[in-house]
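Colleague: My structure is below; once you've seen it, I'll send some questions.
Each reported figure results from applying straightforward, stated rules to the coordinates on display, with no laboratory input. Quick caveat, the model's predicted, so the values are computed rather than measured. Here the Cβ positions follow ideal geometry from the backbone for every residue, glycine too, while neighbour counts run over all protein chains shown.
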Amino acid sequence: MLNTSALKKKILSNPYVKSVKISRKLPDQLSINVVERNATFIVNEGTDFYVLNENLVIMEKKNSEEGLQLPKVTGLTVENRFLGEPMSTEKDKVEVLKEIGEALNKSKIKVNSVDISNLNNIVINKGEVQILLGNSDKLSDKLTKMVNILNDPAGNFEKGYINISFNGNPVIYKEK
């Protein structure tokens, strides 16, 4: 007889697995449904690169960022290096990154980096376009504006900046 709770525990030990549901189909079948976590960010510390999910849980440790098309996070203190565990306990920065990660995953927009070194000057880079978010006040509104601008054909430019750091209409500067 198969111990389904032990099997479930073994499957959940994989950091890429978010949840698992196991059910028996008599007489001799087993149904396993797995929900995966999304790789959302990468953090570099020395020669190590940590792949993080949307909750900043470490999914994988790599020696290079080769082949990874994830935004690189700067400004987050690495407090933990164990797979399957949250990387940082800096509550404010973690909340900001979770919100940014959720917006990026929903919109499918690919960015190069997210700088949260200063929570009063949050910066996202997409190629050579800087997106200036300012502080974390009304962050979801700012991220919605960013997504709308980047999805608009007029917002598709190679170099410049988008300043969404204040109330009012964003400032868009297209460098030639």
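Colleague: Give me the number: length gained by fully extending Glu65 to Asn3, i.e. 0.36 nm times residue separation minus the C-alpha to C-alpha distance, one decimal in nm.
Modeller: 18.5 nm
Colleague: Let me ask another. Of Leu30, Leu56, Leu76, which is the most mobile in a GNM of the chain whose springs link Cα atoms less than 10 angstrom apart?
Modeller: Leu30
Colleague: Can you give me the angle between helix 91-107 and the longest principal axis of the chain, using Cα atoms only, in degrees from 0 to 90, rounded to the nearest 10?
Modeller: Approximately 90 degrees, to the nearest ten.
Colleague: Are any of the pairs Lys138/Lys176; Lys145/Lys174; Lys8/Lys126 more than 28 Å apart by Cα-Cα distance, and if so, which?
Modeller: With Cα atoms farther than 28 Å apart: Lys138/Lys176; Lys8/Lys126.
Colleague: Once phi is turned into ³J(HN,Hα) by the Karplus curve 6.51 cos²θ - 1.76 cosθ + 1.60 with θ = phi - 60°, what whole-Hz value does each residue of the stretch 12-23 show in order, with x for glycine and proline?
Modeller: Coupling constants for the stretch 12-23: 5, 6, 6, x, 7, 9, 8, 8, 9, 10, 10, 9 Hz.
Colleague: For the stretch 1-21 and the stretch 99-148, what is the separation of their Cα centres, given in Å?
Modeller: The stretch 1-21 and the stretch 99-148 have Cα centres spaced 35 Å from each other.
Colleague: Go through Lys18/Lys61; Lys21/Lys91; Lys98/Lys159 and tell me which ones have a Cα-Cα distance over 25 Å in this structure.
Modeller: Lys21/Lys91; Lys98/Lys159
Colleague: Residue by residue, what Karplus-based ³J(HN,Hα) values in Hz, rounded to whole numbers, does the stretch 35-48 have, using 6.51, -1.76 and 1.60 with θ = phi - 60° and x for Gly and Pro?
Modeller: Karplus-based 3J(HN,Hα) across the stretch 35-48 equals 10, 8, 7, 9, 5, 10, 9, 10, 10, 9, 9, x, 9, 9 Hz.
Colleague: On to the next question. In whole Hz, what ³J(HN,Hα) sequence does the stretch 123-129 give by Karplus (6.51, -1.76, 1.60; θ = phi - 60°), x for Gly and Pro?
Modeller: Ordered by residue, 3J(HN,Hα) equals 10, 10, 10, 10, x, 9, 9 Hz.
Colleague: Asn135 to Thr74: FRET efficiency via 1/(1 + (r/R0)^6), r the Cβ-Cβ distance, R0 22 Å, to the nearest 0.05?
Modeller: Efficiency at R0 = 22 Å is approximately 0.80.
Colleague: For the chain, calculate the relative contact order in percent as a whole number, restricting contacts to Cα pairs under 8 Å that are 6 or more residues apart. Let's see the in-between values first.
Modeller: On the way: 315 pairs, mean separation 21.6, N = 176.
Across the chain, relative contact order equals 12 percent.
Colleague: Give me, ordered by chain and number, the residues 5 or more places off Arg37 or on other chains with an amide H under 5 Å from its own placed amide H.
Modeller: Here Val17, Lys18 satisfy the definition.
Colleague: May I pose another question? Kindly work out what percent of the DSSP beta bridges joining two residues of the chain are antiparallel, to the nearest 5.
Modeller: 75 percent
Colleague: In deg cm²/dmol and to the nearest 500, what is the mean residue ellipticity at 222 nm of the chain if only DSSP H runs of at least 4 residues count, each as -39500 (n - 2.57), divided by the residue total?
Modeller: Taking each H run of at least 4 residues, the total per residue is -7000 deg cm²/dmol.
Colleague: Moving on. Going by a ≥ b ≥ c, the root eigenvalues of the Cα gyration tensor, does the stretch 1-105 fall in the rounded group (a/c under 1.5), the prolate group (a/b larger than b/c) or the oblate group?
Modeller: Taking the square roots of the gyration eigenvalues as a ≥ b ≥ c, the stretch 1-105 is prolate.
Colleague: For Tyr161, Tyr173, Tyr16, what ranking results if the residue with the fewest other Cβ atoms within 10 Å of its Cβ goes first?
Modeller: Fewest-to-most Cβ neighbours within 10 Å comes out as Tyr173, Tyr16, Tyr161.
Colleague: Estimate the FRET efficiency between Asp92 and Gln29 by the formula 1/(1 + (r/R0)^6), using the beta-carbon distance for r and 45 Å for R0, to the nearest 0.05.
Modeller: 0.40
Colleague: Under the rule of at least 5 residues apart or a separate chain, name every residue whose amide H is placed under 5 Å from the amide H of Ile122.
Modeller: Sorted by chain and number, the residues that satisfy this are Leu133, Gly134, Asn135.
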